[in-house]
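Here the structure is laid out as structure tokens; the discussion comes afterwards.
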Amino acid sequence: MINKLLPVQCPSCGKALRVTRFHCPECATGVEGDFPLPPLARLNPEEQEFVLHFVKSSGSLKQLARGYGVSYPTVRNRLDALIDRLKELEAAGPEQQENGIS
Amino acid sequence: MTETKASTGSLRTWLFNPFHYVAGGTSLGLGLAIILVTGFLGSLSNSHFDGVLDFHTGAPAPLAAFLVTGIINWACMGIALYLAGLIASKTRPRLLDVAGTQALARTPVLLTALVALLPGYQRYSTALATQLSTLAQGTPMTDPMALLLPEGTSAADLATFAAVVFVALVAVVWMVALMYRAFAVSCNLRGVRGAVAFIPGLVAAWAASKALVIGMLVFASSCAPGVSEDEDANYAANIETTEAGRQFVALLVGGQFDAAVGRFDNTMAKAMPVPRLEQVWKELIAKSGPYKEVAGVRVERQGKLRSAFVTCLFEKESHDIQVVVSPSGEICGLWLREPSVQPEKE
């Protein structure tokens, strides 16, 4: 099964995409509206994976560094960059979307 | 985790940013081991890393001086850049990371210490120091080529010397690049902000290390019993003694027994006139086989006198020719001894 990526950015203008339709695969019910994506969902897949591992390792940077096979300050720097990124997304609000961090 | 697959890393990252993978206690342990090994190798070739960025081949010194110098360099860099990181970084760096990565960043000087062991480099640097010392004392330079190829050195020695200097320069550039990357990773500082914090830290660390190393040498010399000369004078005297020994042997090898006796003081000249010296040398050749080369020179001090033990290889065996030099630079003693260290036989 293909692990499809959630598109968060308009390929045309670069602005943040919003969810307008949900679909239940069991009963085929559809819900329509205008739902902004939360900041965590607007992170790129790599950043989302980092958050996932961070939570699963109980916030231990040492454990996270071991898992990634990198040094402690490398992981801490990545976390600092992620914190800055989330602050930017929160400050910008749901309408704005900037390019992802490296 | 995606990074785990790539954790072996590229060679480029390991060479120029190993701190992506290694920091903290591991880096500190590895770095300190490398610093101590560098100090030990430096003691074998009298190569002093007497400052954060410095490399000089000079006077013999106790092993402890070489080891402590390495620790001073590392500590100065660690403390200066930790303070720079505290001031410039948005996040508080860990001292363990800064100190550990800065220790590992000194790895390239190990390469310098290794190549400085090359005999050609040792011969040339010793002879060049003697030559420059002679010029500094006001002796006019009769042959400009003597500065390029000092007495007792060959073109191969010059090439080795140039190669070692080149390697040392590359190692310093590499080390500075590693120091910056170590600082960037451990303090989370990059770009202009990182450079603006790193450069003053490096300059401050260099100045502090120079002051501390000089202070340590002055303190050590003042504590050492019977040592009244300062470090420079001691260094120069050892260099001159080494060169006196080499030159004396070169005169014997060249059959210039008149010139060799001309270097004796009055007592020695009476005890061993030209015919006697010539006879002794020829007997030595007859017994030990044709002369091959000088394997090395070490200097020992007995009171005011210094002895150069010139280890000479002959076809059948080897000998230490002990040339005793007085404070005035004349040869006042000559002995033939078994070598203290047996050269390797083919």
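Have a look at B:Phe66, B:Phe55 and point out the one that is more than 14 Å from every other protein chain (Cβ to nearest Cβ), closer than 23 Å to B:Val297 by Cβ and open to solvent by less than 20 Å² (accessible area, probe 1.4 Å).
Result: B:Phe66 is the single residue among B:Phe66, B:Phe55 that is more than 14 Å from every other protein chain (Cβ to nearest Cβ), closer than 23 Å to B:Val297 by Cβ and open to solvent by less than 20 Å² (accessible area, probe 1.4 Å).
Just the residues that are under 12 Å from A:Phe50 (Cα atoms) and free of Cβ contacts under 8 Å to residues at least 12 places away in the same chain, please, taken from the stretch A:81-94.
A:Ile83
Condition test on B:Leu158, is it assigned by TED's automatic domain parsing to the domain that holds B:Thr107 and free of Cβ contacts under 8 Å to residues at least 60 places away in the same chain?
Against the criterion (assigned by TED's automatic domain parsing to the domain that holds B:Thr107 and free of Cβ contacts under 8 Å to residues at least 60 places away in the same chain), B:Leu158 qualifies.
What tally of residues in the stretch A:21-44 results from selecting those that are closer than 19 Å to A:Leu5 by Cβ and open to solvent by less than 70 Å² (accessible area, probe 1.4 Å)?
Within the stretch A:21-44, residues that are closer than 19 Å to A:Leu5 by Cβ and open to solvent by less than 70 Å² (accessible area, probe 1.4 Å) number 7.
Return yes or no: is B:Ile71 assigned to a helix (DSSP H, G or I), open to solvent by 40 Å² or more (accessible area, probe 1.4 Å) and over 27 Å from B:Val165 (Cβ atoms)?
no
If the requirement is being surrounded by 13 or more Cβ atoms within 10 Å (Cβ to Cβ), modelled with pLDDT of 95 or more and not assigned by TED's automatic domain parsing to the domain that holds B:Glu293, which of these qualifies: B:Ser125, B:Ser186?
Only one candidate passes the filter, namely B:Ser186.
Would you be able to say whether some residue in the stretch B:284-294 is over 30 Å from B:Leu44 (Cα atoms) and open to solvent by 60 Å² or more (accessible area, probe 1.4 Å)?
yes
Return the pair list, or none, for Cβ contacts closer than 8 Å from residues in the stretch B:74-88 that are assigned by TED's automatic domain parsing to the domain that holds B:Leu36 to residues that are β-branched (Val, Ile, Thr), at least 6 apart or on different chains.
As it stands, the answer is B:Trp74/B:Ile35; B:Cys76/B:Val52; B:Met77/B:Val52; B:Gly78/B:Val98; B:Leu81/B:Val98; B:Tyr82/B:Val98; B:Gly85/B:Val98; B:Ala88/B:Val196, since those pairs meet every condition given.
Select from the stretch A:54-67 the residues that are assigned to a helix (DSSP H, G or I) and open to solvent by less than 30 Å² (accessible area, probe 1.4 Å) and list them in ascending order.
A:Leu61, A:Leu64, A:Ala65, A:Gly67
To keep it simple, each residue is scored yes or no on (1) in contact with an Asp or Glu (Cβ under 6 Å, 6 or more places away or on another chain); (2) outside any helix (DSSP H, G or I).
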| site | (1), (2) |
| --- | --- |
| B:Gly245 | no, no |
| B:Val249 | no, no |
| B:Gln279 | no, no |
| B:Ala295 | no, yes |
| B:Ser307 | yes, yes |
| B:Ile321 | no, yes |
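Please go through the stretch A:28-43 and pick out each residue that is part of a strand (DSSP E or B) and free of Cβ contacts under 8 Å to residues at least 40 places away in the same chain.
Residues satisfying the conditions are A:Gly30, A:Val31, A:Glu32, A:Gly33, A:Asp34, A:Phe35.
If we scan the stretch B:36-48, do we find a residue that is assigned to a loop (DSSP other than H, G, I, E, B), under 26 Å from the mean Cα position of the chain (by Cα) and closer than 30 Å to B:Leu128 by Cβ?
Within the stretch B:36-48, one or more residues are assigned to a loop (DSSP other than H, G, I, E, B), under 26 Å from the mean Cα position of the chain (by Cα) and closer than 30 Å to B:Leu128 by Cβ.
The values are calculated or read from the model by the stated rules, or taken from the named source; none is laboratory data. All figures in this text were calculated on a predicted structure; none of them were measured in a lab. Backbone-built Cβ (ideal geometry, glycine too); neighbour counts: all protein chains shown. Note: areas computed on protein heavy atoms with side chains; ligands, DNA, RNA excluded. Shrake-Rupley method; radii C 1.70, N 1.55, O 1.52, S 1.80 Å.
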